[in-house]
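These notes are about the structure you will find just below.
The values are calculated or read from the model by the stated rules, or taken from the named source; none is laboratory data. Predicted model only: the values in this text are computed from it and were never measured. Glycine gets a Cβ as well: all are built from the backbone with ideal geometry, and neighbour counts include every protein chain shown. Protein only, heavy atoms only, side chains kept; ligands, DNA and RNA dropped before computing areas. Shrake-Rupley method; radii C 1.70, N 1.55, O 1.52, S 1.80 Å.
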Amino acid sequence: MKLRIDKMLSNIGLGSRKQIKQDAKKGFIKINDEIIKDSSKIIDTEVDEIKYKNETVKYVQYIYLMMNKPQGVVSATEDNYDKTVIDLLEDNDKFYEPFPVGRLDKDTEGLLLITNNGKLAHDLLSPRKHVNKKYYVEVAEEVIEEDVKAFAKGVTLEDGYNTLPAKLEIIESGYPSKCYVTIKEGKYHQIKRMFKGIDNEVVYLKRISMGPLNLDETLKLGQYRHLTKEEIHKL
Ligand code: URA
């Protein structure tokens, strides 16, 4: 990727472009071991070696963010009416043009992976890969053992589609009932439609895991963080 040295360094969090400009004047920036005082210089991240205060800095190609999605924002990059999850990102992260991996409904909360790695997103979403998605669900009516069996067999949705077997774990049965549901697919409104298929109704939905990724419960709604190296390796 070709871009200005000040843009590169500020995008990886080393300071504002104004600060980088001052740092360049002080001789803190080297390109291929040559001090560069002009911070508008264009570099090629593939070939140029960049040093900042004598430390080599690497430009990352991909970013991986975990968001605790709040209700009221849509899982899209752009929308004419609603705020999107991308609107909640800092400019330094938006720079990488990330997008959400799959969709959570506007009123669904919880784990959303946001990345600019198209191949990884494609793999995680591929129906053939059967990536587990676990949700915490509250439903209006009582959940009973028969429902666990129905989910284990797969539920017929209103359009006649039979879902793959899903795991329903009852936490508390009542009004509302609380449970966990793990599915391997990602059909439109799948959890809501599965409960409709057994004459119940989802009143609250939150995704808590996707494949090897678990929602970091320290993230408040609308907050996000970069994945750790270990989390990226597991993907
Ligand atoms: N199932 C749904 O019904 N909604 C979501 O947002 C995710 C899964």
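Among the strands (runs of 3 or more DSSP E) lying completely within region 149-211, list those that include at least 3 residues that are without any contact (Cβ under 8 Å) to a residue 24 or more places away in the chain.
167-172
Within region 1-29, which residues are in contact (Cβ under 8 Å) with a residue 40 or more places away in the chain and surrounded by 17 or more Cβ atoms within 10 Å (Cβ to Cβ)?
Ile5, Met8, Leu9, Ser10, Asn11, Leu14
Would you confirm whether or not region 55-78 contains a residue that is within 30 Å of Tyr188 (Cβ to Cβ) and free of Cβ contacts under 8 Å to residues at least 24 places away in the same chain?
Within region 55-78 (the criterion being within 30 Å of Tyr188 (Cβ to Cβ) and free of Cβ contacts under 8 Å to residues at least 24 places away in the same chain), the answer is yes, since at least one residue qualifies.
Show the residue pairs that are 6+ apart or on different chains and have beta-carbon atoms under 9 Å apart, the first residue being within region 100-113 and in the same structural domain as Asp82 (by TED's automatic domain parsing) and at pLDDT 95 or above, the second being near the ligand (Cβ under 7 Å from one of its atoms) and among the hydroxyl-bearing types (Ser, Thr, Tyr).
Close Cβ pairs satisfying both conditions: Thr108/Tyr135; Gly110/Tyr135.
From the list Ile171, Ile208, Ile183, Ile191, pick out the single residue that is among the aliphatic types (A, V, I, L, M) and open to solvent by 60 Å² or more (accessible area, probe 1.4 Å).
The conditions single out Ile171.
Considering region 46-86 alone, what residues qualify as being in contact with a helix residue (DSSP H, G or I) (Cβ under 9 Å, 6 or more places away or on another chain) and not in a loop (DSSP other than H, G, I, E, B)?
Scanning region 46-86 gives Ile50, Tyr52, Val57, Tyr64, Leu65, Met66, Met67, Lys69, Val74, Ile86.
Taking the condition open to solvent by 60 Å² or more (accessible area, probe 1.4 Å), free of Cβ contacts under 8 Å to residues at least 12 places away in the same chain and either away from the ligand (no atom under 15 Å from the Cβ) or more than 15 Å from the chain's Cα centre (by Cα) (or both), does Lys229 pass?
Criteria met by Lys229.
Which one is nearest to the ligand (Cβ to nearest atom), of the residues in region 87-117 that are in a strand (DSSP E or B) and open to solvent by 10 Å² or more (accessible area, probe 1.4 Å)?
Top of the filtered list is Glu109.
Quick one: would you say Lys119 is out of contact with any Gly (no Cβ under 6 Å at 6 or more places or on another chain), over 27 Å from Thr228 (Cα atoms), without any contact (Cβ under 8 Å) to a residue 24 or more places away in the chain and not hydrophobic (A, V, I, L, M, F, W, C)?
The answer is no for Lys119.
Taking region 149-208 only, how many residues are more than 10 Å from the ligand (Cβ to nearest atom) and among the aliphatic types (A, V, I, L, M)?
Matching residues across region 149-208 total 12.
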